[in-house]
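Chemist: My structure is below; once you've seen it, I'll send some questions.
The values are calculated or read from the model by the stated rules, or taken from the named source; none is laboratory data. Bear in mind the structure is a predicted one, so any value in this text is a computation, not a measurement. So basically every Cβ, Gly included, is an ideal-geometry build from the backbone, and we count neighbours across all protein chains shown. Protein only, heavy atoms only, side chains kept; ligands, DNA and RNA dropped before computing areas. Shrake-Rupley method; radii C 1.70, N 1.55, O 1.52, S 1.80 Å.
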Amino acid sequence: MTTPAHTKNSWLIKQRFFNRHPKELLFTPQFISFGNQKLSVSTISDLSQGEPLQYRFGIEWIRGFEFTVGRKYQLFIKNGDGETIKISFGSYYGINKISLFNQYIEILNQLWRSYFDGLVDQYLELFKQKIPFTLANVKFDEFGIKIKSASFIKEEEKSLPWDDVGTKDYQTYFAIFSKQAPSLINKGYSYLDNWNTRILYSVVQTILLRRKGQKKFDN
């Protein structure tokens, strides 16, 4: 996990509009800090045994008595020891709405480049070597995936061979379903509420695209 020297890796964040003392958010190869909070970044070891770093993110609308008054940008980061940092800031009544949204996107993009882009490559390498692994509560192997699909009473683990794996990406969540029985076997993964949904999306989509390309080559 590396933070390129030529890219921005620190930001001053006001968590509230009237906050006079903004907190510094800092990304380094060894840790992530926000104000007086510090989160150590685990070195990548055996990804087949667990996830060394996780994150979730999203925007929540701030509602007043009769109408929406603003939006809150939220980002949660958790390391392999279970320690978590929460970063949140908001815009109210349209004040600094564009600049704060741009800051939010910039932070997410740099977080991805610094810590998670390389993780995707390593999960794909495990898949290439036919080593089973679990990511975001989805089990992967060379034959397909296993997801927990809701039934009438409880969630049940369902196996999907790769040829039957369908996906759909929405603004706030990523869905995996059976192409043959989409209404019976499906699972949604929220970007805000579920850890590492963005990593899950990248790994699943890349595997499916590579399989599609391989089929065209074979034909």
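Chemist: Go through the stretch 97-119 and give me each residue that's at pLDDT 95 or above and among the aliphatic types (A, V, I, L, M).
Modeler: Of everything in the stretch 97-119, those that are at pLDDT 95 or above and among the aliphatic types (A, V, I, L, M) turn out to be 105, 107, 108, 111.
Chemist: Still on this structure, please answer the following. Tell me yes or no: at least one residue of the stretch 5-24 is over 28 Å from residue 170 (Cα atoms), at pLDDT 90 or above, open to solvent by 50 Å² or more (accessible area, probe 1.4 Å) and of a type in the set (S, T, N, Q).
Modeler: Looking through the stretch 5-24, none of the residues is over 28 Å from residue 170 (Cα atoms), at pLDDT 90 or above, open to solvent by 50 Å² or more (accessible area, probe 1.4 Å) and of a type in the set (S, T, N, Q).
Chemist: Next question. How many residues are more than 18 Å from the chain's Cα centre (by Cα) and among the hydrophobic types (A, V, I, L, M, F, W, C) if we restrict to the stretch 114-158?
Modeler: Here the count works out to 8.
Chemist: Given the residues 82, 64, 58, 70, which is the only one that is more than 17 Å from residue 119 (Cβ to Cβ) and under 14 Å from the mean Cα position of the chain (by Cα)? It would help to see each step written out before you state the result.
Modeler: Numbers: 82 fails: under 14 Å from the mean Cα position of the chain (by Cα); 64 fails: under 14 Å from the mean Cα position of the chain (by Cα); 70 fails: under 14 Å from the mean Cα position of the chain (by Cα).
Of the residues listed, the single one that is more than 17 Å from residue 119 (Cβ to Cβ) and under 14 Å from the mean Cα position of the chain (by Cα) is 58.
Chemist: Looking at the stretch 19-104, what strands (runs of 3 or more DSSP E) fall wholly within it and have at least 3 residues that are of a type in the set (Ser, Thr, Tyr)? Working first, answer last.
Modeler: Values: elements: 23-27, 31-34, 37-40, 53-63, 68-79, 84-92.
Qualifying strands (runs of 3 or more DSSP E): 84-92.
Chemist: Moving on to the next point. Name the pairs: first residue in the stretch 76-92 and more than 22 Å from residue 136 (Cβ to Cβ) and touching a residue at least 24 places away in the same chain (Cβ under 8 Å), second residue in a strand (DSSP E or B) and acidic (Asp, Glu), Cβ to Cβ under 8 Å, at least 6 apart or on different chains?
Modeler: none
Chemist: Let me ask something additional. Looking at 116, 101, 140, can you tell me which residue is under 26 Å from residue 59 (Cα atoms) and touching a helix residue (DSSP H, G or I) at 6+ places or on another chain (Cβ under 7 Å)?
Modeler: 116 is the lone residue from the list that is under 26 Å from residue 59 (Cα atoms) and touching a helix residue (DSSP H, G or I) at 6+ places or on another chain (Cβ under 7 Å).
Chemist: Now for a different question. Within the stretch 38-48, is there a residue that is within 17 Å of residue 103 (Cα to Cα) and modelled with pLDDT of 85 or more?
Modeler: no
Chemist: Further, regarding this structure: If you check residue 140 against the conditions, is it open to solvent by less than 80 Å² (accessible area, probe 1.4 Å), aromatic (Phe, Trp, Tyr), under 23 Å from residue 47 (Cα atoms) and assigned to a strand (DSSP E or B)?
Modeler: Working: open to solvent by less than 80 Å² (accessible area, probe 1.4 Å): yes; aromatic (Phe, Trp, Tyr): yes; under 23 Å from residue 47 (Cα atoms): yes; assigned to a strand (DSSP E or B): yes.
So residue 140 fits the description; yes.
Chemist: Just for the stretch 69-96: of the residues that are among the aliphatic types (A, V, I, L, M) and modelled with pLDDT under 90, which one is surrounded by the fewest Cβ atoms within 10 Å (Cβ to Cβ)?
Modeler: Initial filter on the stretch 69-96 (among the aliphatic types (A, V, I, L, M)): 69, 75, 77, 85, 87, 95.
Subsequent filtering for residues that are modelled with pLDDT under 90 retains 69, 95.
On the way: 69: 15, 95: 11.
Across the stretch 69-96, the extreme among qualifying residues is 95.
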